[in-house]
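Enquirer: Dropping a structure here in structure tokens format, bear with me for questions.
The values are calculated or read from the model by the stated rules, or taken from the named source; none is laboratory data. Remember, it's a predicted structure, so these values are computed and weren't measured experimentally. Every residue, glycine as well, gets a Cβ built from its backbone with ideal geometry; the counts of neighbours run over all protein chains shown.
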Amino acid sequence: MMPALNNQLLIAMPSLETELFRKSVIYVCEHNEEGAVGLIINHPIQYPLQFVFEQMEIEVKIPEVSQKPLLFGGPVHQERGFVIHGNDHVAWRSSLKMSEEVYITTSHDILTAIAQGKGPQETLVVLGYAGWGAGQIEEELANNIWLTCPVTRKLLFEVPFENRWKAAGASLGIDMDLISGIAGHA
């Protein structure tokens, strides 16, 4: 088995034309012998964060927070929410430490804090996730469907969504506009 891809980014190759994953950048949250789980971090949906606050009946005290984008995290369990955030607040009920700089929280308390202006400064709110069965991600990597690169705080929180695919490729020294969409093996 290849080394775990935890806390790495998957970058969709140009040949991946499936609408759900086309030009996707996926933050890998878990990868082991049973499979992998990741969150797409560059596909905002048409609804802002206000949609989640209304569904969960969370009172908003900072109106501008309500207009932050929601992201399509993947096709699995789209009713489930994940908050990817920095390490400036780590006292949430259900958080997973991904690195010294990045956490993923799934508990209600972080959304309430965000609505009240008391949450982490850097956040991405993602609905749904992408999942792979045992050996599936390794097979897709071998078939040149994905590139991998280390995650950076900048790619997660600063680069505009529409630029993340090219920026992730550029972090590897690759111009995504010039890379071939045709897979090959040496």
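Enquirer: Against the condition under 20 Å from Thr106 (Cα atoms) and hydrophobic (A, V, I, L, M, F, W, C), how does Ile62 come out, does it pass?
Expert: No: the conditions fail for Ile62.
Enquirer: Among residues belonging to region 66-97 that are modelled with pLDDT under 90 and among the aliphatic types (A, V, I, L, M), point out the one that is farthest from Cys29 (Cα to Cα).
Expert: Among them, the one singled out is Ala91.
Enquirer: For region 44-57, state whether one or more residues are part of a loop (DSSP other than H, G, I, E, B), out of contact with any strand residue (DSSP E or B) (no Cβ under 8 Å at 6 or more places or on another chain) and in contact (Cβ under 8 Å) with a residue 40 or more places away in the chain.
Expert: Yes, there is a match, as at least one residue in region 44-57 is part of a loop (DSSP other than H, G, I, E, B), out of contact with any strand residue (DSSP E or B) (no Cβ under 8 Å at 6 or more places or on another chain) and in contact (Cβ under 8 Å) with a residue 40 or more places away in the chain.
Enquirer: Could you say which residue among Ile114, Ile137 is under 26 Å from Glu54 (Cα atoms) and among the aliphatic types (A, V, I, L, M)?
Expert: Among Ile114, Ile137, only Ile114 is under 26 Å from Glu54 (Cα atoms) and among the aliphatic types (A, V, I, L, M).
Enquirer: Just checking, which of Trp146, Trp92 is under 16 Å from Gln8 (Cβ atoms) and of a type outside the set (A, V, I, L, M)?
Expert: Trp146
Enquirer: Could you say whether any residue in region 89-97 is within 22 Å of Tyr129 (Cβ to Cβ), of a type in the set (Phe, Trp, Tyr), free of Cβ contacts under 8 Å to residues at least 24 places away in the same chain and assigned to a loop (DSSP other than H, G, I, E, B)?
Expert: yes
Enquirer: Another question about this same structure. Within region 107-119, track down each residue that is at pLDDT 90 or above and either touching a Gly at 6+ places or on another chain (Cβ under 8 Å) or crowded, with 22+ Cβ neighbours inside 10 Å (or both).
Expert: Ile110, Leu111, Ala113, Ile114, Ala115
Enquirer: Is region 74-88 home to any residue that is among the polar types (S, T, N, Q), within 19 Å of Ile137 (Cβ to Cβ), within 17 Å of the chain's Cα centre (by Cα) and surrounded by 12 or more Cβ atoms within 10 Å (Cβ to Cβ)?
Expert: No: region 74-88 contains no residue that is among the polar types (S, T, N, Q), within 19 Å of Ile137 (Cβ to Cβ), within 17 Å of the chain's Cα centre (by Cα) and surrounded by 12 or more Cβ atoms within 10 Å (Cβ to Cβ).
Enquirer: Something else about it: Please determine, by comparing only the residues of region 29-42 that are more than 14 Å from Ala168 (Cα to Cα) and touching a strand residue (DSSP E or B) at 6+ places or on another chain (Cβ under 6 Å), which one is surrounded by the fewest Cβ atoms within 10 Å (Cβ to Cβ).
Expert: Result: Gly35.
Enquirer: So, one more: Exactly one condition in (1) without any contact (Cβ under 8 Å) to a residue 12 or more places away in the chain; (2) of a type in the set (Gly, Ala, Ser); (3) touching an Asp or Glu at 6+ places or on another chain (Cβ under 6 Å) is false for Gly86; which is it?
Expert: (1)
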